[in-house]
Amino acid sequence: MPDGLSISTPILSADGISKSFGSVPVLFSVSMDIRAGEVHALIGENGAGKSTLMKILSGFLQPTSGHIRVEGVDTELPGNGLSEALGIVLIHQELNLAEQMTVEENVFLGRELQSRGVLDRTAMRAAVHGFLDDIGLDISPQDRISQLSIAQKQMVEIVKAMSRDAKVLIMDEPTAVLTEAETELFFAQVRRLKERGTAIVFVSHKLAEVSAISDQVTVLRDGQWIGTHATKDLTPDSMAQMMVGRELSDLYPPMNEVDVDADHLLSVQNLTAPGVHDVSFDLRKGEILGFSGLIGAGRTAVFEAICGLSSRRSGSIEFDGASATFDSVAAARDAGVVYLTKDRKEKGLLLGQKMRPNLSLFALPKFVKGLSLDQKAEDAALERAIRRFDIRARDPNVNVGDLSGGNQQKLLLAKVMECDPRILIIDEPTRGIDVGTKQQIYHFIAAIAAEGVSVVVISSEMPEIIGLCHRVVVMREGEITGILTGEDINESEIVRYAAGLKRERQQ
Amino acid sequence: ENIKIGVSYPTPTHAWAAGMNWHAEKAEERLEALYPDVDLILVNSPDPSAQASALEDLMSVHQIDALVVLPFESEPLTDPVLNVKKSGALITVVDRGLSQPGIEDIYVAGNNPELGRVSAQYMKGRLKEGDNIVILRGIPTLIDNERFDAFMAEIEGSGINVLDHKHANWNRDDGFEVMQDFLSRFPDIDAVWAQDDDIAIGVVAALKQAGRDGNGMFVVGGAGMKETIKGIMDGNELVPVDVLYPPAMIATAMDVTVAAFKSNGPVAGRYILGATLITPENAASFYFPDSPF
Amino acid sequence: MTETAMSTAKSSKLNGFDLKTAGPAIALLILCVIGFLLNPAFLSEGNITNLLTRSAFIGIIAVGATFVITAGGIDLSVGSMAAVIAGVMIIVMNGAVDTFGTGLTTVLIGCGCSIILGLGAGLVNGLLTTKGKIEAFIVTLGTMGIYRSLVTYFADGGTLSLNYDIRGVYRPVYYESFLGLPIPVWVFIIVSIAGWFLMNRTAFGRYCTAIGSNESVAKYSAIKVDRVKTLTYVIQGLCVSLATIIYVPRLGSASSSTGVLWELEAIAAVIIGGTVLKGGYGRIGGTILGALILTTIGNILNFTDMISNYLNGTMQGLIIIIAVWLQRGDWGRKTSAD
Amino acid sequence: MTETAMSTAKSSKLNGFDLKTAGPAIALLILCVIGFLLNPAFLSEGNITNLLTRSAFIGIIAVGATFVITAGGIDLSVGSMAAVIAGVMIIVMNGAVDTFGTGLTTVLIGCGCSIILGLGAGLVNGLLTTKGKIEAFIVTLGTMGIYRSLVTYFADGGTLSLNYDIRGVYRPVYYESFLGLPIPVWVFIIVSIAGWFLMNRTAFGRYCTAIGSNESVAKYSAIKVDRVKTLTYVIQGLCVSLATIIYVPRLGSASSSTGVLWELEAIAAVIIGGTVLKGGYGRIGGTILGALILTTIGNILNFTDMISNYLNGTMQGLIIIIAVWLQRGDWGRKTSAD
Ligand SMILES: Nc1ncnc2c1ncn2[C@@H]1O[C@H](COP(=O)(O)OP(=O)(O)OP(=O)(O)O)[C@@H](O)[C@H]1O
Ligand SMILES: Nc1ncnc2c1ncn2[C@@H]1O[C@H](COP(=O)(O)OP(=O)(O)OP(=O)(O)O)[C@@H](O)[C@H]1O
Ligand SMILES: O[C@@H]1[C@@H](O)[C@H](O)OC[C@H]1O
Ligand SMILES: [Mg+2]
Ligand SMILES: [Mg+2]
């Protein structure tokens, strides 16, 4: 591990980079040096300009002013991934895979192995197989991307990047959708690459990860360079402070005791559905119920079945004391049961549209006045949402696809909240959200629970489950393996149930 | 003071209509050269409602003094032609008559039922009781119905079997494919009524391909395509005759219409062109080598 | 650090976008200038009226097509649908003469029947695509063949004609004017306004756009995707029936050549108007301009015999391509790499 | 907690998929059974040969269309393109007689000219869509009109006929057989194999899929999106020219009615075969079956007089819809909400 600040020429450096979209500036003279064999973390709040900088460093965007140097030489990087020829590879924050194609086809897209014009499929398949094994991903090279879970897709992205034999590997929030276990596997790969001398740039909102894996940290705030430090000189707290520019109080709100005598607002009995087997649980009024488990454990599938998004095979649901069958999402919504997807790009937001229609889409009937839509009410709602969730778009008319990832997530949250739910199901509530906003969201969740709304939090981030939830349901392979309360809600217990080492017959 | 004459007819989508187009353009050249004060305006249209629009435009924009019209279909164009009439223009209708009598001043017509009848008479003359024929019809339209019905009425009682009839849309490719299928389906066919020379070309190709062009097999087409007529002159046994339905009728109509302005004698009335049977004997007088048809 | 979050940079968006919106209008304007130069009579009141009246058919149908396309579908059957509806209307009205005479009642029965058929045909297309889960292109290619052959069948290969006395009663619907504008133009205006309102001011319009942009987002946003998609076809059917109601009195007949290629014209009008074929972005206003552009092209070509008749199609093709190129609205700007 | 971390449900995916692949084959089989039941002559060697030969035109064109559609495009101009290429071929060959006589050279000149024209016309379509950034639907609707009117113009509205002596030399290309199969069928087979190979075994095929699946992903993967898309149109043009080369010797003529509606037939063949109209999933094998299905439908209808001629279109429409429904391959399974 290259210790101290090596004086070697950086392999890639940004020098005084500024960037504006139209007349909206988003980066102000930012500099950053990237060195071989070093993991350089880039952190900052949502919308700070991290992704923009990463895209400039890999040629997908051209800076408005400033220089990019490759091994000390001023270079205008070619666009559209052609910088790969220079050894610079970017994993985009938003997944960048062709859904209808297979894993193998995606990994080698644009640089297929061929012999005499013919695809060498055997070789490619074998190579992909190797990478998949390395990273511990149990899928076949021939699986179609559309059939994979979002985490698997992210892993495929990583495999794709690994396979490129990069000199500089830039990864924009690669771990946002990964569980800790997967993150561990991924980090093992990162360390291997580092030993081989690859320079790695890594964006994450998970500051513990940043501490664990990086050598250098650069902090951006509102498009300004705040500082670059050796990781060992920083604690997660000091990082957070640099990012946010103020002292951060407790991440998690104080836990409100839930009224154990409160009515069961939702009661699910023996639910069986695609990916779900014989699941039963209750949800009290005002309770925050966590759902934990490994990827693919069936947590999402449970709530998709409940909310009318997939078909139910058997089992019964009682809502507010009466038996309920939400056979459409609209029916669930009208009853006050809403589900916030973890897949914001494919299922959450219309990326090609503006914020306003996105915000009101889910709750649209609420905005109908007479025959027509009340656009004033929509505008007012947007203004409220922007304030409430601190959505930062320098340009309010930007297409949602051009919002920073974290701000997309905030908008998505605002979107489902427009329905004034009685039961709010949030799948991965803080995926891609910066620590400051995370804190806001946690407080917000606690507040609405305190108002009597029941909240289900599906999360792969153990700390947030532990810090937030009154009770925790752990799932494994479509079944509930345990329901934890009080003292039992701790990392080692959850892991045991999730991994199948422990199992209780329900209640 | 120019005399403006609008000439409106269907877009040429098959050879016969192209022939008509050609004759119209030739007539335009000839007549405009002959009478400098006559301006003929030729417009073709791809469907009845486009033709109705074209008539409106001839009237409102060009302010024509006379209209020569070959209606796409009789029914839908009756009203639009009537509107032109109301503007005071002289009306000449060609080929397909209007559905309301008395609108046109001049009528130049082909004779569709006659074409069917003449064809059937020729069949009766060459075939005997028990012989089999197949029919390839045109595009489903009134014209096709008139020809077909008259043919069937004439053949009735002759003992000749009509094995089946299918639409080949006055089109060579369709003629070829429908005939191929007839040949696969019916082992014994003695003659074919192809109704139109284009279809007949496809039929002949299919017969030759299947090697069933001998044994006295013959095909009767219709309209008077120059290649067909040339063949008849040369004694082609497979297509020994043709039944006339001349696309030049549009030129006749233009001539008569111009004459209505230029000559002193009366020109109004009906000009019905016969559906003459073209045989090696009379073929030469129906042969126009320069026409595209 | 909350307030400044939204700085205002509204300015930049306008340049590109407005041109895009203005594109079809510019194209139409240029056409009109050309028309006028060819022949001043182009701008005569009579010709303008003709032009507007003619645009009504395609225009009304294209308004419906805008919904279908915005929601990510396509309907190739509209031309044949118009033909078969016209045919059945005529049969029904002719049949109603015995019972109801040749008056208004009969005409109203005919119109009612047209609307029912339009809605029904649209519903069939819609259900086959959504419930039957068959590609819209195939469903409507199929129904296009079916409707077309049905009208041929009903007409016995010939032409169906409306009873002459009924025609007298019905005629004004095409030929009469109200406040200086022909009735078909009024119908076109009303359909356009209704369509614009539905697309831009109601939840339904939003739903269409959302579905066309991303069906799963729509589904997760509590939109009844199948229902909305089906409805777009029903609206299309309704538009076809309205167009047919004003078409029938024009020519008083229907045959297998009625409405041939109207589907392509309608779709072309929609796309010339700036709606995106893959869905997710619909512009009713543009569609109306698109319909006017197409009709004007035909009209202009009837204005001159400078060009061989055979080359009409070439002119039409060129103008359509150029019109859409204008509509793109970023001529001159460098092809952005992005 | 490391190893088991990521498991997948691999098993479920296969059932649906295989049926989907088999769908068109099943549809074709059913059609053949129906044909045989209607008339055993359906399975006669002569009829099968006719059927295969006829499928060759649409089939070859549809192979090209598979590339265009897989890459997210569409080409409506192929029928007109075939007509204009046939026309120019004939003009060129007739003209070459003086210099080169009526032998093989002249025919080869004609074929060469066909290929150049096909490539050129494809290139025009491709560049207008990619560089001109005009919707493919509009570009090819435009060129469809242009090509169609050009052939009408060249033929003076009529028919262009190949010199009789050349026809003698050229005829065998359509009518002769080699190893029991007519030449057009061989061409079809070769084009199919080449198409299959290109789609499934070369990087180019993958690029088409990637572009149709997600253009920005393709772009970010350093794929030259515009170039690949343009190439799909060029391939389409080449296929059209090959189809034309075997079409011309059949009747030795071309007119404005040549190739009418071939575009719809070709697209229908592609989609019946399971390729997705929105792009991203192309199946050459399916396309070939699709072409056979379409030809067989027409053939069967000529084999029976049970159905009114006027209702041919109805039968065709129904069969196409049903064939695609079969192809969906999930009949019987419950409509999943997903
Ligand atoms: N193409 C674009 N057009 C207009 N504005 C853009 C575009 N891309 C990004 N922006 C704006 O630039 C700012 C910085 O965005 P960026 O994606 O770089 O943030 P980020 O630091 O990656 O945030 P996050 O952590 O939420 O992903 C945001 O305000 C965003 O809306
Ligand atoms: N409609 C379906 N049909 C068949 N299998 C399904 C269906 N939906 C989900 N599954 C399977 O059920 C399992 C559970 O998936 P689910 O997405 O619910 O997991 P999860 O615990 O929410 O994981 P994640 O961490 O990705 O959110 C997966 O193996 C998935 O492939
Ligand atoms: O094209 C048709 C021609 O072939 C037939 O002979 O007469 C009527 C025409 O429309
Ligand atoms: Mg980002
Ligand atoms: Mg003139």
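Matching residues to (1) away from ligand 1 (no atom under 16 Å from the Cβ); (2) closer than 27 Å to A:Leu207 by Cα; (3) modelled with pLDDT of 90 or more:
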| position | (1), (2), (3) |
| --- | --- |
| A:Gln439 | no, yes, no |
| A:Phe444 | yes, yes, no |
| A:Gly452 | yes, no, no |
| A:Ser460 | yes, yes, no |
| A:Ile465 | yes, yes, yes |
| A:Asp488 | yes, yes, no |
| A:Ala499 | yes, yes, no |
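When we screen A:Gly47, A:Gly37, A:Gly66, A:Gly59 for residues that are of a type in the set (Gly, Ala, Ser) and at pLDDT below 90, the only hit is A:Gly47.
On the given criteria, is A:Ala393 within 9 Å of ligand 1 (Cβ to nearest atom) and outside the structural domain of A:His443 (by TED's automatic domain parsing)? The answer is yes for A:Ala393. The residue of region C:178-226 that is nearest to C:Tyr281 (Cα to Cα), among those that are among the β-branched types (Val, Ile, Thr) and within 14 Å of another protein chain (Cβ to nearest Cβ), is C:Thr209. For region A:279-327, a residue qualifies if it is within 14 Å of another protein chain (Cβ to nearest Cβ) and away from ligand 2 (no atom under 16 Å from the Cβ), and the qualifying residues are A:Thr325, A:Phe326. Among the helices (runs of 4 or more DSSP H) confined to region A:256-371, the ones with at least 3 residues that are surrounded by fewer than 20 Cβ atoms within 10 Å (Cβ to Cβ) are located at A:329-335. Where in region A:404-507 are there strands (runs of 3 or more DSSP E), lying wholly inside it, with at least 3 residues that are without any contact (Cβ under 8 Å) to a residue 40 or more places away in the chain? Because the criterion is at least 3 residues that are without any contact (Cβ under 8 Å) to a residue 40 or more places away in the chain, the strands (runs of 3 or more DSSP E) in region A:404-507 that meet it are A:479-485. Quick test for you: out of A:Glu451, A:Glu418, pick the one residue that is out of contact with any Ser or Thr (no Cβ under 9 Å at 6 or more places or on another chain) and charged (D, E, K, R). From the options A:Glu451, A:Glu418, the qualifying one is A:Glu451.
Filtering region A:186-214 to residues that are part of a loop (DSSP other than H, G, I, E, B) and open to solvent by 20 Å² or more (accessible area, probe 1.4 Å) leaves A:Arg196, A:Gly197, A:Lys206. The set of residues in region A:115-129 being in contact with an Asp or Glu (Cβ under 6 Å, 6 or more places away or on another chain) and facing another protein chain (nearest Cβ under 7 Å) consists of A:Leu119 alone.
The residue pairs whose first member lies in region A:158-178 and is closer than 15 Å to D:Ser221 by Cα and among the charged types (D, E, K, R), whose second member is in a strand (DSSP E or B) and more than 14 Å from ligand 4 (Cβ to nearest atom), and whose beta carbons are closer than 8 Å, counting only pairs six or more residues apart or on different chains, are A:Arg164/A:Val89.
Of all the criteria given as (1) in contact with a helix residue (DSSP H, G or I) (Cβ under 6 Å, 6 or more places away or on another chain); (2) more than 14 Å from every other protein chain (Cβ to nearest Cβ), the one not satisfied by C:Gly120 is (1).
The rows are residues; the columns are (1) within 12 Å of another protein chain (Cβ to nearest Cβ); (2) surrounded by fewer than 23 Cβ atoms within 10 Å (Cβ to Cβ); (3) in a helix (DSSP H, G or I); (4) within 16 Å of ligand 4 (Cβ to nearest atom).
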| site | (1), (2), (3), (4) |
| --- | --- |
| A:Lys55 | yes, yes, yes, yes |
| A:Leu61 | yes, yes, no, yes |
| A:Gly79 | yes, yes, no, no |
| A:Gln100 | yes, yes, no, no |
| A:Asn106 | yes, no, yes, no |
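Restricting attention to region A:23-41, does a residue exist that is hydroxyl-bearing (Ser, Thr, Tyr), assigned to a loop (DSSP other than H, G, I, E, B) and over 18 Å from A:Leu169 (Cα atoms)? Checked region A:23-41: at least one residue is hydroxyl-bearing (Ser, Thr, Tyr), assigned to a loop (DSSP other than H, G, I, E, B) and over 18 Å from A:Leu169 (Cα atoms). Looking across region B:144-194, the residues that are of a type in the set (Gly, Ala, Ser), part of a helix (DSSP H, G or I) and within 16 Å of ligand 3 (Cβ to nearest atom) come down to B:Ala150, B:Gly175.
Every residue, every condition in (1) at the interface with chain C (Cβ under 9 Å from one of its Cβ atoms); (2) at negative phi; (3) outside any helix (DSSP H, G or I), yes or no:
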{"residue": "B:Asn44", "(1), (2), (3)": "yes, yes, yes"}
{"residue": "B:Ser49", "(1), (2), (3)": "yes, yes, no"}
{"residue": "B:Leu55", "(1), (2), (3)": "no, yes, no"}
{"residue": "B:Gln63", "(1), (2), (3)": "yes, no, yes"}
{"residue": "B:Lys85", "(1), (2), (3)": "no, yes, no"}
{"residue": "B:Thr92", "(1), (2), (3)": "no, yes, yes"}
{"residue": "B:Arg96", "(1), (2), (3)": "no, yes, yes"}
{"residue": "B:Gly102", "(1), (2), (3)": "no, no, yes"}
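Can you find a residue that is under 17 Å from the mean Cα position of the chain (by Cα) and more than 20 Å from C:Ile58 (Cβ to Cβ) anywhere in region B:59-69? Scanning region B:59-69 turns up at least one residue that is under 17 Å from the mean Cα position of the chain (by Cα) and more than 20 Å from C:Ile58 (Cβ to Cβ). Looking across region B:230-269 at every residue that is within 14 Å of another protein chain (Cβ to nearest Cβ) and closer than 20 Å to B:Ala205 by Cβ, the one that is surrounded by the most Cβ atoms within 10 Å (Cβ to Cβ) is identified as B:Gly231.
Consider region D:149-168 and keep the residues that are open to solvent by 30 Å² or more (accessible area, probe 1.4 Å) and facing chain C (nearest Cβ under 9 Å). The one that is nearest to D:Met81 (Cα to Cα) is D:Leu150. Quick check, is B:Pro140 open to solvent by 40 Å² or more (accessible area, probe 1.4 Å), closer than 23 Å to C:Ser255 by Cα and assigned to a loop (DSSP other than H, G, I, E, B)? So B:Pro140 fails the test.
Only residues that are within 15 Å of ligand 2 (Cβ to nearest atom) and part of a loop (DSSP other than H, G, I, E, B) were counted in region A:170-185, giving 5. The condition of being in a helix (DSSP H, G or I), at pLDDT 95 or above, surrounded by 24 or more Cβ atoms within 10 Å (Cβ to Cβ) and not aliphatic (A, V, I, L, M) holds for only one of C:Gly59, C:Gly120, that being C:Gly59. Looking only at residues of region A:133-149 that are more than 9 Å from every other protein chain (Cβ to nearest Cβ) and more than 13 Å from A:Ala98 (Cα to Cα), we find that the one that is modelled with the lowest pLDDT is A:Ile135.
The values are calculated or read from the model by the stated rules, or taken from the named source; none is laboratory data. These numbers were taken from a predicted model, which means no experiment stands behind them. We place every Cβ from the backbone using ideal geometry, glycine too, and count neighbours over all the protein chains shown. Note: areas computed on protein heavy atoms with side chains; ligands, DNA, RNA excluded. Shrake-Rupley method; radii C 1.70, N 1.55, O 1.52, S 1.80 Å.
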